[in-house]
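Laboratory data are not the source of any read-out in this text; all were calculated from the coordinates shown. Everything numeric in this text was worked out from a predicted model, so none of it was measured. We place every Cβ from the backbone using ideal geometry, glycine too, and count neighbours over all the protein chains shown.
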Amino acid sequence: MDLMNEKKLGFGCMRLPLLDKEDQTSFDYDLICRLFDNYLEKGFTYFDTAYTYHGYHAEEAMRTALVERYPREAFQLATKLPLRDFKDSEHMEQIFSEQLQNCGVTYFDYYLLHNMGSNVYDKCCKYNAFDFAAKKKEEGKIKVVGMSFHDMPELLDEILEKYGNKIDFVQLQINYIDWEQPNVQSRRCLEIANKYNKPVAVMEPCKGGTLVNVPEEAKSLMKEYNSNASTASWAMRFAASQKGVFRVLSGMNSIEQVEDNVSSMLHFKPLNEKEMEIIEKARNIINSKTAIACTACSYCTHDCPKNIAIPQYFALYNSISNTTGSFSSQMVYYNNIAITHGKASNCIGCRQCEKACPQHLPITDYLKDVVNKFEKNRIIPTRK
């Protein structure tokens with residue numbers, strides 16, 4: 001399969017539309033189906049999900065909204081082996097069989113080792129996770145084997161040197177904010193993938209929506225150059241313009257988002273030199289205003305013993321930092337969330353959240369900042 005000649009826009013399904021934001025399984029199937037239909041009608045075919053998304057129910061949603069509504073050859077389906085979840089080689093087999101059943105398919109077009117990093121690498125070596133994926137490819141149950149990676153470039157280099165013959169592509173977090181950030185190093189990781197001639201799929205091109213709602217100063221630079229281009233399209237095109245990138249994933253929750261992404265990616269043109277200069281200026285503006293570089297992936301919350309709403313609290317903190325709006329409105333949101341979740345001050349410092357964080361953020365330290373901003377000398381509702 002020639003990955004580099006395929007259409008670059010992929011549909012990321014980590015944050016599917018819900019009827020109830022508090023219930024990760026309350027899928028808004030009417031809207032999801034319309035989003036998928038619109039995307040497919042434009043000639044795009046790639047859908048990216050995972051075993052763990054939406055409280056371990058996202059694959060079932062893909063079966064309902066996609067697999068049961070379209071012939072198998074009409075779409076490409078990617079899912080992932082949960083590296084933190086599997087216990088041993090036998091468990092990997094069980095999970096894979098379950099995934100086929102969840103999705104209602106007999107094979108996966110793309111299958112990735114999910115969220116590879118130093119916290120799971122030794123385990124993957126011990127139980128031969130790389131060989132497992134390669135074996136499933138030989139059996140015809142996987143067409144293309146990949147690895148989503150959230151760690152430092154040195155580890156990526158080590159893995160590709162040792163297991164590169166078993167990996168067809170790498171999925172990396174690439175966006176213009178993380179390009180040189182020391183906790184992500186998008187540019188350097190991309191260079192490592194290129195070094196081993198591994199095509200790259202991009203996740204978080206808009207950094208969890210951060211690059212959609214950019215500061216007004218940055219937005220003005222983009223609008224002055226091209227009044228018709230959305231801020232999201234700048235981020236998507238930046239990622240798609242990089243050497244070796246064959247796919248850019250976007251989590252689309254509205255018809256408008258699908259149409260916007262399609263308009264910029266259907267007849268894709270790489271950013272020119274002037275546009276790259278504008279991106280650089282926008283990066284500097286955004287970096288000067290963003291307090292916590294959280295993408296709201298929610299990995300940090302999965303095993304939190306105090307059920308602290310970490311991404312939501314960080315978003316409120318950033319909102320105060322990035323805007324001149326009323327602080328009281330943010331306080332209302334904080335109080336409402338704290339009724340059903342742990343407060344930031346409930347953190348016991350176990351740091352499991354930091355081990356799970358793809359951004360390698362010092363979450364426990366940031367939670368103290370949240371406490372100082374939202375809780376000191378303020379009355380917070382107790383949890384029911």
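Evaluate the range 67-116: find the radius of gyration of its Cα atoms, find its Kirkwood radius, and give the ratio Rg to Rh.
Using Cα coordinates only, the ratio equals 1.01.
Label points 7 Å out from Cα along the Cβ direction at Lys376 and Lys87: separation in nm?
4.6
Once you order the gyration tensor axes a ≥ b ≥ c over the Cα atoms, which shape class does the range 212-274 get: rounded for a/c under 1.5, otherwise prolate or oblate by comparing a/b with b/c?
Verdict is oblate for the range 212-274.
When His91, His114, His267 are ordered from fewest to most other Cβ atoms inside 10 Å of their Cβ, what list results?
The fewest-first ordering by Cβ neighbours comes to His267, His91, His114.
Looking at the chain as a GNM with Cα springs under 10 Å, which of Asp23, Asp131, Asp178 has the largest mean-square fluctuation?
Looking only at Asp23, Asp131, Asp178, the biggest GNM fluctuation is shown by Asp23.
Where both residues lie in the chain, what percent of DSSP beta bridges are antiparallel, nearest 5?
Approximately 5 percent, going by the DSSP bridge assignments.
Among the chymotrypsin sites (Phe, Trp or Tyr not before Pro) within the range 196-274, which fall in a DSSP loop and have no more than 16 other Cβ atoms within 10 Å of their own Cβ?
Answer in residue order: Tyr196, Phe268.
Sort Phe314, Phe169 so the one with the fewest other Cβ atoms within 10 Å of its own Cβ comes first.
If I rank by nearby Cβ atoms, fewest first, I get Phe169, Phe314.
Cut-off 10 angstrom, C-alpha nodes, Gaussian network model of the chain. Which of Ile320, Ile348, Ile32 fluctuates the most?
Its mean-square fluctuation being the largest, the pick is Ile348.
Taking H placed 1.01 Å from N in the peptide plane, check which residues at least 5 places from Ile142 or on another chain put their amide H under 5 Å from its amide H.
Here the answer is Phe108, Lys137, since their amide H atoms fall under 5 Å of that of Ile142.
What number comes out for the charge environment of Ser288, summing +1 per Lys or Arg and -1 per Asp or Glu over other residues with Cβ under 15 Å away?
Surrounding charge for Ser288 is 0.
Near Lys355, which lysines are there with a Cα under 23 Å away, not counting those fewer than 8 places off in the same chain?
Lys355 reaches Lys80, Lys87, Lys123, Lys126, Lys207, Lys306, Lys343, Lys368.
What net charge do the residues around Tyr176 carry, taking every other residue with its C-beta under 13 Å from that of Tyr176, with Lys and Arg at +1 and Asp and Glu at -1?
Here the charged neighbours net out to -1.
For every helix of n ≥ 4 consecutive DSSP H residues, a contribution of -39,500 (n - 2.57) applies; sum these over the chain, divide by its total residues, and give [θ] at 222 nm rounded to the nearest 500 deg cm²/dmol.
Computed ellipticity for the chain at 222 nm equals -13000 deg cm²/dmol.
Express the C-alpha Rg of the chain as a ratio against the empirical globular expectation 2.2 N^0.38 Å, rounded to two decimals.
0.97
When the chain is modelled as a GNM with alpha-carbon springs shorter than 10 Å, which of Ser250, Ser148, Ser26 fluctuates the most?
Ser26
Determine the shape class of the range 115-254: with a ≥ b ≥ c the square roots of the Cα gyration tensor eigenvalues, call it rounded for a/c under 1.5, and otherwise prolate if a/b is greater than b/c, oblate otherwise.
The shape class here is prolate.
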